[in-house]
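Working notes, structure below.
The values are calculated or read from the model by the stated rules, or taken from the named source; none is laboratory data. Nothing here was measured: the structure is a model prediction, and the numbers come from that model. Reconstructed Cβ throughout: ideal geometry from the backbone, glycine too, with neighbour counts over all protein chains shown.
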Amino acid sequence: MAYTSWRGVVGCIKPTLRPGGLEELIRILPDGVCLLPLFLDIRKGTVDEFKRAVDPYEPMLEKLAEAKVDLLHPEGAPPFMLLGYKGECEVIARWEDKYNIPVFTSGSNHVRAMRALGVKSFVGATYFNGAINDVFAKYFVEAGFDVKGMEGLDVPFQDVGQLSPYEVYAHVKRAFLRQPKAEAIYLLGSGWRVMEMIEELEQDCGVPVIHPIPARAWEIQRRLSIRQRVTGYGQLLEHMPVD
């Protein structure tokens, strides 16, 4: 069965059953864009779990391709960043060749968003701890960026959605103030519910903030040849730059 919508249908695969990110994305997408979501069930947020997560995307991509969506978006930065930037590019190319549908991942989306904003260096903030943050940093270094830091926040993976925006603001601002020459702030992960503080961070720190959900909305528009500006969620959606 083919699903249609007047501006396009995006088949997306959510890595967790965590609520929030899908609803936030729907609210900021233009009318006429339809999302067709499927879900994995990543629960622990460990490196081993992320490494095992890539293969389960495949049958879901096949199901969405059979539905004749216009765009495929397997979400979740960690599983693909663990492949490295080049490894992720190879997987995307293989899937596009197999399904004959454009594909973008969270990582490739974040790279494209930064390039569209002219960002060459940034400080990152995550809700992970330990060596996995070095893996995230290495991914962006491979993509050509100067990563000033990738600062993790100590919170259980399943409790990320319980963080207040004020806690995240404080964590991110501290990380930025340690690296004031960074040209941007990057927030890895859609699990924290912090959309309302993006604009405040941009105003207070004086640099653009790349957050996964506005970045996802920007790329969906770009891929579907739409340029409808959205205010309140940072420079990327407000100015709709073309990469």
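The figures follow:
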{"item": "Residue check, E202 touching a strand residue (DSSP E or B) at 6+ places or on another chain (Cβ under 6 Å), closer than 16 Å to L117 by Cα, part of a helix (DSSP H, G or I) and free of Cβ contacts under 8 Å to residues at least 60 places away in the same chain", "result": "yes"}
{"item": "Single match in Q158, Q228 (criterion: surrounded by fewer than 22 Cβ atoms within 10 Å (Cβ to Cβ), in contact (Cβ under 8 Å) with a residue 24 or more places away in the chain and not in a loop (DSSP other than H, G, I, E, B))", "result": "Q158"}
{"item": "Criterion: within 22 Å of L201 (Cα to Cα), among the hydrophobic types (A, V, I, L, M, F, W, C) and at pLDDT 95 or above - qualifying residue of V147, V135, V103, V141", "result": "V147"}
{"item": "Counted residues, region 220-243 - those being among the acidic types (D, E) and in contact with a His (Cβ under 8 Å, 6 or more places away or on another chain)", "result": "0"}
{"item": "Any hit, region 207-223, residues being more than 19 Å from P165 (Cβ to Cβ) and not in a helix (DSSP H, G or I)", "result": "no"}
{"item": "Residue within region 190-213 that is farther than 30 Å from G32 by Cβ, under 19 Å from the mean Cα position of the chain (by Cα) and of a type in the set (G, A, S) present", "result": "no"}
{"item": "Condition met for V123 (over 20 Å from K86 (Cβ atoms), touching a Gly at 6+ places or on another chain (Cβ under 8 Å) and surrounded by 18 or more Cβ atoms within 10 Å (Cβ to Cβ))", "result": "yes"}
{"item": "Residues (out of contact with any helix residue (DSSP H, G or I) (no Cβ under 7 Å at 6 or more places or on another chain) and either in contact (Cβ under 8 Å) with a residue 40 or more places away in the chain or surrounded by 18 or more Cβ atoms within 10 Å (Cβ to Cβ) (or both)) located in region 8-29", "result": "G8, V9, C12, T16, P19"}
{"item": "Scan of region 161-189 for residues that are among the aromatic types (F, W, Y), more than 19 Å from F140 (Cβ to Cβ) and within 19 Å of the chain's Cα centre (by Cα), ordered by number", "result": "Y169"}
